[in-house]
């Protein structure tokens, strides 16, 4: 189980990273996160939608309503130019953390 | 049976109750909810199970709201007591400030105009309708018929009131009201001397009938004695200041009266301004008020019937009273007199006829202005509808989402109507401020007395609020149904076509708006034109540069008028002077004449002027046959008659020459001359038969033909002469033309109001046009950009955008002209002298409307046309 704080912190980079691959709608985003994390990340509606709206407000993503061929109404989100830059900045930060932790967790050579 | 849609609706409602979630949020959450359910159903679950699972997976409304609140800054919410749709309405209005402003401005001006007109109409209809027991009060009018024609007058036999009260148990009280003189009369107390206009002579019952409060004194006895008077509080203060007026004597028109009471000040909306009430006993013995004498009848008689008395029945009973008391005299005159009742509450706006009441000119004006108010409001509503449908494309997306998200059509209808009602009430608030700030101007324009408290009085406040609600609903209802009819599948898949239907409607509305505006412009020009026409019309006498001075009473210059004139004529700028009993535009009595040797029935009551030998010269009235009066022929005084042409015609003399030398009545008074017809009164009235007599005992004015080189000096000279010859009198002068033109006051006032309100109408129509033009320009930004990039000129683009509107305004003219022609002709029928239908005005009105429309549209088009093409191409 991933801690609440960590889940909250990672929401933004994960959403941006999913949307960089193409337009997507809320329910689908949750499904993808679950899939990619192998079930470790299970987002709820009240986590995702407020964040989507904030990202839209900040200008990182854009939305439009569309009707699927099945007649279902969906709100699609896509990354904006600003969003790409933001994702890049996020990626660098997360990679820094990731690199640091990776190095720290490298197996200690025996005998030292 | 589990109804899944119903359950979803219930769930949605819980979200809607949360103020932190807006429509968009809820639609998205619902979409998510349905995806969740769809997956469950796909994996084999039933509807109910799927719903439960989705419900379990979704957060409760509170948690959702809190989360949204944390992440997304929300616009400040309205006060908590506003229902949801109002909150939405406010939010939307804030988002589209430009359009909201146009709508609010148009509605504000519209409501304010309608409010002012409503105040005016309510005031006019309130005149003399506030008396207690108003439904039982009637004026007894006199219907008169003779060889000369028939009419109904308010003045009646002096003894009618006491007779009615004494002999008819149906009568509770009967008032005698005697107006007296045409001129204000001098009132003097010690060193304070003024002329007062509102002096009435009444019997004690008048206090009861007109519901006049007595602040001091005894109601029952105050008017019982001869030479007693009641003063209004206002007048008492004016003359007595802090002194106690009761029991003191005040001098009114050279007679002393004892003050026996103080009256409450008369309200503004009465025509019986009881500032000074003299006891009827004081005049009872005057010769002309004696008995049942036809021709002398001039005392108004009011009765208050006992409760339950049928007025029509009572009228039948008293109808023939003149026959009973004055039958002999009437027979001799060949006249018929009948009594007719006129309800007090219908005295101001109706005229009495023998059979029934006839709407007066004043009532016609009230109808016209009410119609104008209605039209102005319609214009403002049309604006709203127009802009709302024009912008429907912008709102189609919202409608689509909400409908797809399950919003019922009636919810959308409520929301849209809610928005327009909110707009209307915001406008109402602004309109109230506008009315308050315009009230003083409006009062001086209409001549009615109103204060701020009038706005709070029930009928006005309630009607205005009701009206606003109706406006809100009326202007919201079409857009509401139009917008809510969009199908989500169509609008969400692409930009909806703005819809031919919408375009056609907008075109119709703009044409209608301009048709109304043009009709009002033509009305304005017509009224102004007719007033101008009347003023310029030859009246048959010269009124310009004629100065007149008023004498307090008859006989003041009976013996010395020639020397007064001689003194006045010493000034080089006074070219001629005449003493007379009246000047054109003032009141003039009638006198009865019949040719000598004929039966008295062959007689006529003619307008009867008394004037000296110089009257015709002073007013440039030509003598067409015989001669005028000569002061060197002593017999001319009081012994000769001059008729106008109508007068000669009235007795059947074929030509003016034929009339000269005839004699009248048993006294054999000779007709020495005939003067050309001239208009004694304004052109609303036809020229009446008139007789002129040289009778100095009835002179009350001196009129002078002056040279206006140095008016102040001339007036100073006249005043000097007057004060020297009539010490202690109050000097009063007027110009004949100014006084005469006062008869056109109603028309001039109507003209001013018309100008004001047609201006308002045009303003509202232009606001709408402005909004539409802005919208069109915005929609065609790209087209304009491409055209410019391809080298189109700015004027070319401006005309491209203006051409469409020009077409509409021209079409509006086609509708407006027949309407204006029809109404205008009807109005002009009220005038004895009317201008020919001025077709030029119609073209002028069209030009004005077109010019203003062009100006409005071109402001937008020029802005659009001068924008950098690159900017507009980058747009979208």
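The values are calculated or read from the model by the stated rules, or taken from the named source; none is laboratory data. Model, not experiment: these values are computed from the prediction. Note that each Cβ is placed from the backbone with ideal geometry, even for glycine, and that neighbours are counted across all protein chains shown.
Looking only at residues in region A:69-80 that are more than 10 Å from chain B (Cβ to nearest Cβ) and assigned to a loop (DSSP other than H, G, I, E, B), the one that is surrounded by the fewest Cβ atoms within 10 Å (Cβ to Cβ) is A:69. Of all the listed residues (B:195, B:165, B:132), the sole one being outside any helix (DSSP H, G or I) and over 22 Å from residue B:231 (Cβ atoms) is B:132. Of all residues in region B:554-585, those satisfying the criterion of being out of contact with any strand residue (DSSP E or B) (no Cβ under 8 Å at 6 or more places or on another chain) and part of a loop (DSSP other than H, G, I, E, B) are B:554, B:555, B:556, B:558, B:559, B:560, B:570, B:571, B:572, B:584, B:585. Please indicate, with yes or no, whether at least one residue in region A:40-58 is assigned to a strand (DSSP E or B), in contact with a helix residue (DSSP H, G or I) (Cβ under 6 Å, 6 or more places away or on another chain), surrounded by 19 or more Cβ atoms within 10 Å (Cβ to Cβ) and within 14 Å of another protein chain (Cβ to nearest Cβ). No: region A:40-58 contains no residue that is assigned to a strand (DSSP E or B), in contact with a helix residue (DSSP H, G or I) (Cβ under 6 Å, 6 or more places away or on another chain), surrounded by 19 or more Cβ atoms within 10 Å (Cβ to Cβ) and within 14 Å of another protein chain (Cβ to nearest Cβ). Inspection of region B:26-44 identifies at least one residue that is modelled with pLDDT of 85 or more and away from chain A (no Cβ under 13 Å). Checked across region B:64-76, the condition of being away from every other protein chain (no Cβ under 12 Å) and assigned to a helix (DSSP H, G or I) holds for no residue.
Output the residue which, of all residues in region A:1-26 that are more than 20 Å from residue B:31 (Cβ to Cβ) and exposed (fewer than 11 other Cβ atoms within 10 Å of the Cβ), is farthest from the chain's Cα centre (by Cα). Among those that are more than 20 Å from residue B:31 (Cβ to Cβ) and exposed (fewer than 11 other Cβ atoms within 10 Å of the Cβ), it is A:1.
A single entry from B:865, B:832, B:853 fulfils the requirement of being closer than 30 Å to residue B:788 by Cα, surrounded by 13 or more Cβ atoms within 10 Å (Cβ to Cβ) and modelled with pLDDT under 80: B:865. Is it the case that some residue within region B:749-770 is touching a strand residue (DSSP E or B) at 6+ places or on another chain (Cβ under 8 Å) and surrounded by 22 or more Cβ atoms within 10 Å (Cβ to Cβ)? No - not one qualifying residue is present in region B:749-770. With respect to residue B:730, is the statement that it is part of a loop (DSSP other than H, G, I, E, B) and at pLDDT 80 or above true? The answer is yes for residue B:730. A count restricted to region B:343-359 and to residues that are assigned to a strand (DSSP E or B) and surrounded by 20 or more Cβ atoms within 10 Å (Cβ to Cβ) stands at 1.
Only one of the numbered conditions (1) buried (at least 21 other Cβ atoms within 10 Å of the Cβ); (2) modelled with pLDDT of 90 or more is violated by residue B:603, and that is (2).
Do we find that residue B:729 is surrounded by fewer than 23 Cβ atoms within 10 Å (Cβ to Cβ) and touching a residue at least 60 places away in the same chain (Cβ under 8 Å) in this structure? It is true that residue B:729 is surrounded by fewer than 23 Cβ atoms within 10 Å (Cβ to Cβ) and touching a residue at least 60 places away in the same chain (Cβ under 8 Å). Considering only residues in region B:142-156 that are closer than 22 Å to residue B:646 by Cβ and not in a strand (DSSP E or B), the one that is modelled with the highest pLDDT turns out to be B:147.
Taken over region B:439-479, the residue count meeting the criterion of being modelled with pLDDT of 85 or more and either within 30 Å of residue A:72 (Cβ to Cβ) or in contact with a strand residue (DSSP E or B) (Cβ under 6 Å, 6 or more places away or on another chain) (or both) is 0. Looking at B:311, B:380, B:371, just one residue is modelled with pLDDT of 85 or more, more than 14 Å from chain A (Cβ to nearest Cβ) and under 26 Å from residue B:774 (Cα atoms), and that residue is B:380.
For region B:794-806, a residue qualifies if it is touching a helix residue (DSSP H, G or I) at 6+ places or on another chain (Cβ under 9 Å) and either surrounded by fewer than 17 Cβ atoms within 10 Å (Cβ to Cβ) or outside any helix (DSSP H, G or I) (or both), and the qualifying residues are B:794, B:795, B:796, B:799, B:804, B:806. Restricted to region B:1-60, the set of helices (runs of 4 or more DSSP H) holding at least 2 residues that are surrounded by 14 or more Cβ atoms within 10 Å (Cβ to Cβ) and touching a strand residue (DSSP E or B) at 6+ places or on another chain (Cβ under 8 Å) comprises B:23-42. All told, residue A:35 meets the bar of being under 30 Å from residue B:33 (Cβ atoms), within 14 Å of chain B (Cβ to nearest Cβ) and surrounded by fewer than 13 Cβ atoms within 10 Å (Cβ to Cβ).
Residue B:430 satisfies every condition listed in (1) touching a residue at least 60 places away in the same chain (Cβ under 8 Å); (2) within 30 Å of residue A:64 (Cα to Cα); (3) away from chain A (no Cβ under 14 Å) except (2). When each of B:206, B:222 is tested for being under 20 Å from residue B:257 (Cβ atoms) and part of a helix (DSSP H, G or I), the lone residue that passes is B:206.
Within region B:526-559, being within 22 Å of residue B:717 (Cα to Cα) and surrounded by 15 or more Cβ atoms within 10 Å (Cβ to Cβ) holds for B:543, B:545, B:546, B:547, B:548, B:549, B:550, B:551, B:552, B:556, B:557.
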